[in-house]
Each structure stands twice: as C-alpha cells, then as structure tokens.
Ligand code: ATP
Ligand code: MG
C-alpha cells in the first residue's frame with residue numbers, strides 16, 4: 001500500500017469541514033480590515049528565499065526543499081509566503097495606486113523533524129500590509145489578530161512584542177551579543193559557534209535548553225535602539241494600551257527570518273507545547289523590498305500556523321463545524337427515473353444535498369446505506385410509486401411511519417426540510433463512514 005510522504009498529511013472530510021469553516025471566518029474578518037486575497041505559486045526561485053529569509057537561517061540552511069527542475073532552474077517549494085507575496089506585488093506593480101493590504105493562505109514546506117504541531121507540509125495564513133510606516137499599522141495588525149482569536153473563542157494567549165530597531169541598532173547589538181557569547185564559548189556547540197560568527201541574532205531564536213539559560217543574562221536589544229526606533233516602539237505600546245490590548249515586551253524575541261527590523265511579535269498559547277507554542281508571528285520588514293531590488297517600501301505582516309491554530313480551537317467547534325451530511329438519500333428500483341427525479345429536485349430546491357443510490361442493490365441494503373450516509377430523509381422510488389407519480393417519504397431521524405408523497409408536493413416539503421436542517425446549531429447526524 002503506498003504511504004504518504006513523511007510529515008505530509010491528508011485531511012479526511014471531517015477535518016476539511018473544519019478547515020473550510022476556519023477559512024471562511026478568516027476570509028470575513030480580513031475583509032473587515034480591507035485586506036485583499038492573493039493567490040501565489042508554491043514554487044519560487046531558490047534565490048528569492050536566500051536573499052530574503054537569509055542564507056544563514058535554519059529555514060534556508062536546513063529546511064527548504066530545493067531542487068533543479070528539468071530545465072535546470074534551481075527552485076524551492078515555498079517555506080513561507082512573505083517573500084513570494086512581495087515579489088508578486090512588486091512584479092505586478094500592485095502598489096501603483098498607493099498603500100495596500102493583502103492576505104493569502106496555503107501550504108508551506110519545510111524539511112523539519114515531524115512531530116505534533118510540526119509538519120513538513122503545513123499551512124499558513126499570511127497577512128501583509130505595504131506602504132505604511134507608522135506604529136498605527138503595527139497596532140492594527142495586532143488588533144486584527146486579537147479579533148481573530150476572539151471570534152474563534154481562543155483564550156489563554158499572550159502577545160509578546162519587541163523591536164529589532166534599524167540597521168545601526170542591530171549592528172551595535174550584534175557586537176554586544178558577540179562579546180557576551182565569546183565569554184561563554186565553551187558552552188556553545190559547533191553549529192552555535194558558526195551562528196555566532198555569521199548571524200548572532202539567530203542564537204536568540206534557538207530552542208536549545210543550554211542557550212535558553214545563557215540568554216537570560218544576555219544583553220537586550222532595547223538598549224541599542226535608535227531614537228526613531230524607540231519612538232516607534234513606544235508609539236505602538238501607547239496605541240495598544242489605548243485599544244485595550246495587553247502585551248509583554250520580550251527583549252529576546254527575534255524572528256527566524258533575516259528581513260525583519262523594527263517591531264516584531266509573537267502570539268504564544270499556553271495550550272501548546274513549549275517549543276511550538278508560537279502559533280502566530282510577524283513584524284516589520286521595511287528592508288525586504290530593497291533587498292529584492294525593489295524601491296524602499298515600509299512593510300509589515302504576520303503568519304498564522306493554521307495547524308497550530310486548529311489545535312487551539314475549543315472542542316465545541318469540532319461539533320458545530322461538522323461536515324455537512326446529505327439531506328436526502330434517494331433509494332430506488334428505477335434507475336432512469338431516479339436520475340431524472342434527482343436532477344429535477346436539485347433544480348427545484350436550492351441548497352439541497354441529495355445522494356442518489358448508484359448500483360442495483362436490493363432496497364434493504366440501499367436503506368442501510370441511506371442510514372449510514374447521515375441523511376435525514378430517505379426517498380424511495382419503486383415501480384409502483386413511479387406509476388402513481390409518488391415517492392415514499394421515510395424519515396431517518398424521527399420514529400414516524402413512512403408515507404407516500406405526491407411528486408408535485410415534494411419540492412415544497414424538501415425546501416422546508418433543508419431550511420430546518422441548515423439552521424446553525426441544528427442537530428446534524430454523523431455518519432459512521434469515517435474513522436476519526
Ligand atoms: P518555530 O519556532 O515553531 O519553528 P518558526 O519561527 O519557524 O516557528 P515562522 O517561520 O515564524 O515559524 O512561521 C509562522 C508560524 O507558522 C509559526 O508560528 C507556526 O505556527 C507555523 N509553523 C512554522 N513551522 C511549522 C511547521 N513545520 N509545522 C507547522 N506549523 C509551522
Ligand atoms: Mg521553525
């Protein structure tokens with residue numbers, strides 16, 4: 001039996017139903033802030049990520065799926081969406097009319113060790129805003145996040161923020177970090193030493209326990225911020241206070257991607273394992289456009305790991321977001337008439353979900369399958385009913401006797417049944433088809 005590739009999951013219908021519902025909510029809330037959806041390719045030139053995320057990051061040095069295609073182009077399956085999004089926005093000149101907000105959603109690929117909450121193909125919602133340089137945009141991004149968590153009933157989350165300042169702040173801070181870790185070189189392994197030489201900020205993002213201890217005493221970037229960066233960071237905190245958000249300043253917070261500068265943030269959930277408790281992360285990356293050869297462009301955004309977000313959803317969403325079952329299962333002994341009747345009913349009854357039995361099984365077996373499908377109603381069309389222009393109406397959820405219903409009355413009755421079944425919170429039958 002063929003197996004799925006390690007770290008890549010299929011979603012059975014019950015999970016797809018939850019994902020759809022989640023996507024629908026995200027879509028609506030993002031619209032509420034003026035974000036427009038973009039659809040972006042999964043493959044980009046490897047160079048795009050090397051120039052944006054940075055070659056000395058975990059993602060680019062260890063996690064990307066990079067290969068030569070048949071034409072010899074070196075391509076990478078996107079490990080994140082920000083670089084591709086900005087590439088598309090620049091290439092298509094989408095900012096000609098001024099600043100704009102975008103979002104996208106889809107699979108990302110990283111060759112990491114798979115474990116709960118960490119996959120090789122996972123999904124992100126990416127939210128990016130271009131052309132605004134003030135802390136008001138940063139605050140709005142965080143308010144949008146907070147609203148998403150509220151709408152999804154996600155509680156016990158903490159917002160951590162930090163500022164990585166401008167180029168000169170990071171230069172000064174890098175030197176300070178360098179000095180600090182030089183004094184503890186014996187506690188660093190080979191890879192961490194390389195990181196120290198090439199990109200010491202990356203050490204702050206490490207999940208290694210040894211480093212976590214060392215980091216507690218490490219210098220803080222906040223002592224190195226330029227006056228403008230400090231003003232921006234304070235401006236952000238004033239806006240957050242004014243809008244009622246709570247947050248914690250975490251001066252060790254950096255992002256796993258090199259293009260960030262200024263505000264960075266993470267939303268951390270107490271319900272997730274410590275090494276995977278960040279389910280949303282983002283910040284400012286005003287330098288990325290220039291790094292890609294574009295014009296100077298203030299930019300900020302965030303990415304939500306949707307598998308981790310899903311894991312935080314309250315149990316209740318599981319049932320409320322259950323997959324839609326058919327309303328009707330049509331059992332019959334008259335193949336041609338059944339197909340025609342089914343088409344007519346779909347024309348007559350908007351939103352009707354009707355499964356016609358296919359095959360030549362006996363009615364008893366057909367009704368067993370009807371039951372298993374989770375449908376609320378079985379309609380039965382036999383030879384006699386066909387001659388009388390009637391159909392047997394047999395409820396599968398109520399213990400009422402079956403009855404005959406004239407064909408002409410069917411659409412109206414079914415419209416009522418659909419209206420009742422689809423009110424939010426209405427009891428949905430679950431089917432036994434799927435192992436959960
Ligand atoms: P982590 O520190 O957990 O490795 P990261 O810093 O690499 O995360 P980002 O690049 O900031 O993550 O991506 C944003 C979000 O995407 C993360 O907060 C997380 O929710 C999710 N994410 C990242 N990598 C994975 C993965 N391999 N599997 C599932 N979700 C992931
Ligand atoms: Mg990672």
Ranked output for segments 43-49, 403-409 by mean other Cβ atoms within 10 Å, highest leading, reads 43-49, 403-409
Region 328-421: C-alpha gyration tensor shape, a/c 1.5 cut-off, then a/b vs b/c: rounded
For helix 335-348, what angle does its Cα long axis make with the longest principal axis of the chain, in degrees from 0 to 90 and rounded to 10? 60
Percent of beta bridges antiparallel (DSSP, region 328-421, rounded to nearest 5): 50
For 205, 136, 10, what ranking results if the residue with the fewest other Cβ atoms within 10 Å of its Cβ goes first? 10, 136, 205
Inter-site label distance for residue 151 and residue 65 at 7 Å from Cα along Cβ, in nm: 3.0
Subtracting the Cα-Cα distance from 0.36 nm times the residue separation, let me have the gained length for residue 74 to residue 413 in nm, one decimal. 116.0 nm
What nm value, rounded to one decimal, do you get for the distance between residue 217 and residue 400 when each label is placed 7 Å out toward the C-beta? 7.7
Exposure-ranked with fewest Cβ neighbours within 10 Å first, 8, 108 stand as 8, 108
Springs between alpha-carbon pairs under 10 angstrom, Gaussian network model over the chain: which of 371, 286, 361 fluctuates most? 361
Please give, to one decimal in nm, the separation of the simple spin-label points placed at residue 199 and residue 184, each 7 Å out from Cα toward the Cβ. 2.1
Checking rank on 230-238, 393-401, 339-347, with mean other Cβ inside 10 Å and highest first, the result is 230-238, 339-347, 393-401
Going by alpha carbons, how many degrees (0 to 90, nearest 10) lie between the helix axis of 167-182 and the longest principal axis of the chain? 80
Gyration tensor verdict on the chain (Cα atoms; rounded if a/c is under 1.5, prolate if a/b is larger than b/c, oblate otherwise): prolate
Relative contact order for the chain using alpha-carbon pairs under 8 Å, separation at least 6, rounded to a whole percent? 15
For 223, 133, 138, ascending order of other Cβ atoms within 10 Å (fewest first) is 223, 133, 138
Listed highest first by mean packing, meaning other Cβ atoms within 10 Å per residue, what order do 269-278, 170-179 come in? 170-179, 269-278
For the chain, modelled as a GNM with alpha-carbon contacts under 10 angstrom, which of 297, 11, 40 fluctuates the most? 11
Gain upon complete extension [residue 358, residue 291; 0.36 nm per residue less C-alpha separation]: 18.2 nm
Measuring from centroid to centroid over Cα atoms, what is the spacing of region 1-47 and region 60-96 in Å? 18
Which whole-number percent is the relative contact order of region 265-338 (Cα, under 8 Å, 6+ apart)? 22
Cα shape, region 155-217, gyration tensor, a/c 1.5 rule: oblate
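Bear in mind that the values in this text are calculations on the coordinates, not laboratory data. Please read these numbers as outputs of a predicted model, since none were measured by experiment. A quick note on method: Cβ atoms are made from the backbone with ideal geometry, for glycine too, and the neighbour counts reach across all protein chains shown.
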